[in-house]
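Shown next, in structure tokens, is the structure this report addresses.
The values are calculated or read from the model by the stated rules, or taken from the named source; none is laboratory data. Quick caveat: nothing in here was measured; it's all calculated off a predicted structure. Note that each Cβ is placed from the backbone with ideal geometry, even for glycine, and that neighbours are counted across all protein chains shown. For accessibility, only protein heavy atoms count, side chains too; no ligands or nucleic acids. Shrake-Rupley method; radii C 1.70, N 1.55, O 1.52, S 1.80 Å.
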Amino acid sequence: MSDDFQPQSEFLRVLIERGFVHQCSDFAGLDALAKAGGLTAYIGFDCTAPSLHVGSLVQIMLLRWLQKTGGRPIALMGGGTTRVGDPSGKDESRKLISLETIEANKQGIKRIFSKFLDFGEDAPSSCACAAIMQDNSEWLGALNYIDFLREIGRHFSVNRMLAMDSVKMRLERDQELSFLEFNYMCLQAYDFVELHKRQSCVLQMGGSDQWGNIITGLDLGRRLGTGQLYALTSPLLTTASGAKMGKTAQGAVWLDAGMLPVFDYWQYWRNCEDRDVGRFLKLFTELPLEDIARLEALGGAEINEAKKVLATEATAMVHGRAAASSASEAARQTFEEGALAEDLPFVEIPRGDIEAGLGALAAFVRAGLVASTGEARRQVKGGGLRINDQTLTDERAMIGAGDLNEGSVKLSLGKKRHVLLRAV
RNA sequence: GGGGGAGUGUCCCGAGCGGCAAAGGGGGCGGACUGUAAAUCCGCUGGCUAAGCCUUCGUAGGUUCGAGUCCUACCUCCCCCA
């Protein structure tokens, strides 16, 4: 996508080297701006969930690199646009989300950003490129319909909108596209112009599925006289075997420790496919490229060392170095020594319940490892459950005080999923 | 507005003579093999106080000993005509 373009700016150089770039409206122009310094760019995040997950990590890292290379990142909360719903890349409309939910989600998402970007709250002096958080409900919420149509709407060509991939896909497949959703790109385009006006923002970044929406913003800007605006998109990430990033059977890989234990987050990266290690190290850690090249070159079982580095570095980014180290250590004890690690995910259970004798099947349900006792029974048949590393063979087995090991019982499902039942 | 078709195991797709907890895929989970990888092979993939019981086939009724299967109404979606 970047062909043989040789960036002069650190910003574009880093992005291209690390594999963040899919498309850009004008490499040379953007490069010059970035080189001059003080480049302001934004990425919008919809408030559709109470936290962000790994799927948004590329975008978050884009903003982080922007800041590290001297630019000013804006994280735009889609408090307003989430009320509409982006049809891009989706084959059916999303349900409307209530205002309260959007607001709650927004708060959760803000917390994530504070870990990746410096908003200049601690050191007001460093404010030249302090990150900014904006919420488009601020301006979208106040829009008057007719004014909007007259001032903004007249610049949009329905002919062109119909030709956009996101719209075309729905039309071709005969899938409903409501007028509400059809407006999404107009609002997003307007956001760009508004951020240019308010913050002198000249670049919008996003996933490759956002290209159409972003370009629409560029066009609108030209018509409204913002001066040249720029678009840059990142590749849509999938794992080497084609699965979407950030989704596992247990659910999304959340960036919030309350929604996904740090240990599990670490494990997510540890378990990536061999072929993905190098790519992920470049995107999701800040290790120097030379180090990554070395790790990537490891062959056979040695690649596991690279995966551990990936897991620890990626985890440290979100949850902090200390938490990453203890997750790493817990994994080492669990997988390499078969020992009981204190830092495994745990579920608290009244001591009395254990002393009174707890059905083994029920215990696995309480630990959240299986959904029902029926599933637990099936797992027993398949030899998938273990208590303190002893395979469970009797459905009627009980867990008692004697199974407590430093106050905990270790329950395992398969080789990888472990939960401590902690007596309290 | 008129005519035709479709909604199945709450992950998805998809069979289904009136006896059905319901074929088959995909996905997922577990096991074996490995390196906590990929590929491959095997098993499982409604709930429960479990050889029994309970709840599932768009919704609500009806026929029947018995309904996913037949009848009626309604809802939703798609196609053709206007």
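Annotations
- Every residue from segment A:85-137 that is among the polar types (S, T, N, Q) and either part of a helix (DSSP H, G or I) or at pLDDT below 90 (or both): A:Ser88, A:Ser93, A:Ser98, A:Thr101, A:Asn105, A:Gln107, A:Ser114, A:Ser125, A:Ser126, A:Ser137
- Which listed residue is on the phi < 0 side of the Ramachandran plot and modelled with pLDDT under 90, from A:Ala356, A:Ala397, A:Ala376, A:Ala360: A:Ala356
- Residue match in segment A:278-289 (condition: assigned to a helix (DSSP H, G or I), within 9 Å of RNA strand B (Cβ to nearest atom) and open to solvent by less than 50 Å² (accessible area, probe 1.4 Å)): no
- A:Asp343 meets each of the listed conditions (1) open to solvent by 70 Å² or more (accessible area, probe 1.4 Å); (2) in contact (Cβ under 8 Å) with a residue 60 or more places away in the chain; (3) within 14 Å of A:Val409 (Cβ to Cβ) apart from (3).
- Residue check for A:Thr312: within 13 Å of RNA strand B (Cβ to nearest atom), assigned to a helix (DSSP H, G or I) and in contact with a His (Cβ under 8 Å, 6 or more places away or on another chain): no
- Close Cβ contacts (under 6 Å, 6 or more residues apart or on different chains) running from residues in segment A:403-420 that are closer than 16 Å to A:Glu348 by Cβ to residues that are within 16 Å of RNA strand B (Cβ to nearest atom) and at pLDDT below 90 comprise A:Asn405/A:Leu340; A:Lys410/A:Leu340.
- Looking across A:Asp26, A:Asp46, one residue alone is of a type in the set (D, E, K, R) and closer than 25 Å to A:Ile102 by Cβ. It is A:Asp46.
- Residue selected from segment A:379-392 under the condition near RNA strand B (Cβ under 7 Å from one of its atoms) and exposed (fewer than 13 other Cβ atoms within 10 Å of the Cβ), by the criterion farthest from the chain's Cα centre (by Cα): A:Lys381
- Which listed residue, of A:Ala331, A:Ala341, A:Ala301, A:Ala363, is within 13 Å of RNA strand B (Cβ to nearest atom) and not in a helix (DSSP H, G or I): A:Ala341
- Filter result (open to solvent by 40 Å² or more (accessible area, probe 1.4 Å), within 14 Å of RNA strand B (Cβ to nearest atom) and touching a Leu at 6+ places or on another chain (Cβ under 7 Å)) within segment A:393-415: A:Glu395, A:Met398
- Checked against the criterion of being over 16 Å from A:Gly78 (Cα atoms), hydrophobic (A, V, I, L, M, F, W, C) and within 24 Å of the chain's Cα centre (by Cα), the candidates A:Leu203, A:Leu162, A:Leu218, A:Leu177 yield just one match: A:Leu203.
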